[in-house]
Amino acid sequence: MVGALGQWFGGLDSRGRVVHIVIDDALSTQAADGPDTTRFDKLTEKALLVVDSLEPGDRATLWRAGRPAGPVVAEPTPDRAVLREAINNLRPGYSRPDLPSVLASIEELNPGNTSGADPSITVLLGDFTRSARYIEQQATASIKDDRAESTLVVSRPMPGMDNVQIQSIRPRRRVVWLDGLSGNQVATEVRVARFAEDMPEATLDVVVDLIDAQGRQVSSLRRPVYFPAGQGVSVVSVDLPVENIASNFDAQGGAVLTIRAMLESSPGGLVFDDQAHAVVELRRQLRIAVVDEPVGVSGASGVSGGSVSEN
């Protein structure tokens, strides 16, 4: 794509163009692309080449595609120094890309085919690998290619990347009522996904820890995650024991703990998605309020009585 920028840009009206540069800064772009470079480094290099390809009269904006996606340089500017500085200051994040919302926002800046409007070019610089999940997203109905002087330029997809990630960790209950400290458990589900061209049968180990507010490990369990041949997602259940944490409870009989899930060893190209966290609240006491409807007063509304109990 970069080698053809001159042809793309030169094919449009020379009266001045608005170039929207969209950079994918989602988690997958942190993957290595050489000894000392990442995929994100390659994307920013392409973005700087786009800036260098601007001609007198051109103006440009800069957008980031990682959630929450949005503008970095929102107002079209002819100042190349401003654009270069904004690109060099960008850093990849830890979220998924949200390309449809970026395209919808750019569409709002150029609604319809307005006579006399500057021609528009949108340059998408992205990872576009399977693990980036672009293929699962749909553009909104408002994004239409009905403007005669609107051009979309898309970077060449990067090579496929095998990866294993913890997609989510979810306690079955966000609030756990402990009936005494012995024998209680925090039930948790860990969802692990893998992305690869070939998916043979495999087993990976995941370690799940329960950590208190001071960073101390309350409990820890290792569980195997089994993938049948061809299967990309596996869910494992882990019941973390809760013992000897009396010092963690506050005056109201509650404690907030962190659940951490980590892949013990990952064959994937990313290490930043090998763990995930969730929060669970433990309670020794619950305040329960019971509110009933008024009785004997036709058409009235309100609260006629109630009770509060502690356990």
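The values are calculated or read from the model by the stated rules, or taken from the named source; none is laboratory data. In this text the structure is predicted, and so the values were computed from the model without any measurement. All Cβ positions, even for glycine, are placed from backbone atoms using ideal geometry, and neighbour counts span all protein chains on display. Surface accessibility is based on the protein's heavy atoms, side chains included, excluding ligands, DNA and RNA. Shrake-Rupley method; radii C 1.70, N 1.55, O 1.52, S 1.80 Å.
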| Does at least one position in segment 11-22 carry a residue that is of a type outside the set (Val, Ile, Thr) and either at pLDDT 90 or above or part of a strand (DSSP E or B) (or both)? | yes
| query | Among the residues of segment 190-215, how many are open to solvent by 80 Å² or more (accessible area, probe 1.4 Å), among the charged types (D, E, K, R) and either modelled with pLDDT of 85 or more or assigned to a strand (DSSP E or B) (or both)? | reply | 2
| query | Across segment 26-46, which residue is surrounded by the most Cβ atoms within 10 Å (Cβ to Cβ) among those that are at pLDDT 90 or above and over 22 Å from the mean Cα position of the chain (by Cα)? | reply | Lys46
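How many residues are in a loop (DSSP other than H, G, I, E, B) and under 21 Å from the mean Cα position of the chain (by Cα) if we restrict to segment 47-66?
To start, the set of residues in segment 47-66 that are in a loop (DSSP other than H, G, I, E, B) comprises 53-58, 65.
Narrowing further to those that are under 21 Å from the mean Cα position of the chain (by Cα): 65.
Number of matching residues: 1.
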| query | For segment 73-95, what are the residues that are buried (at least 17 other Cβ atoms within 10 Å of the Cβ) and either within 18 Å of Ser155 (Cβ to Cβ) or free of Cβ contacts under 8 Å to residues at least 24 places away in the same chain (or both)? | reply | Val73, Leu83, Ile87, Leu90, Pro92
| message | Here are the criteria: (1) modelled with pLDDT under 90; (2) open to solvent by less than 30 Å² (accessible area, probe 1.4 Å); (3) in contact with a Pro (Cβ under 7 Å, 6 or more places away or on another chain). Tell me which single one Phe128 does not satisfy. | response | (2)
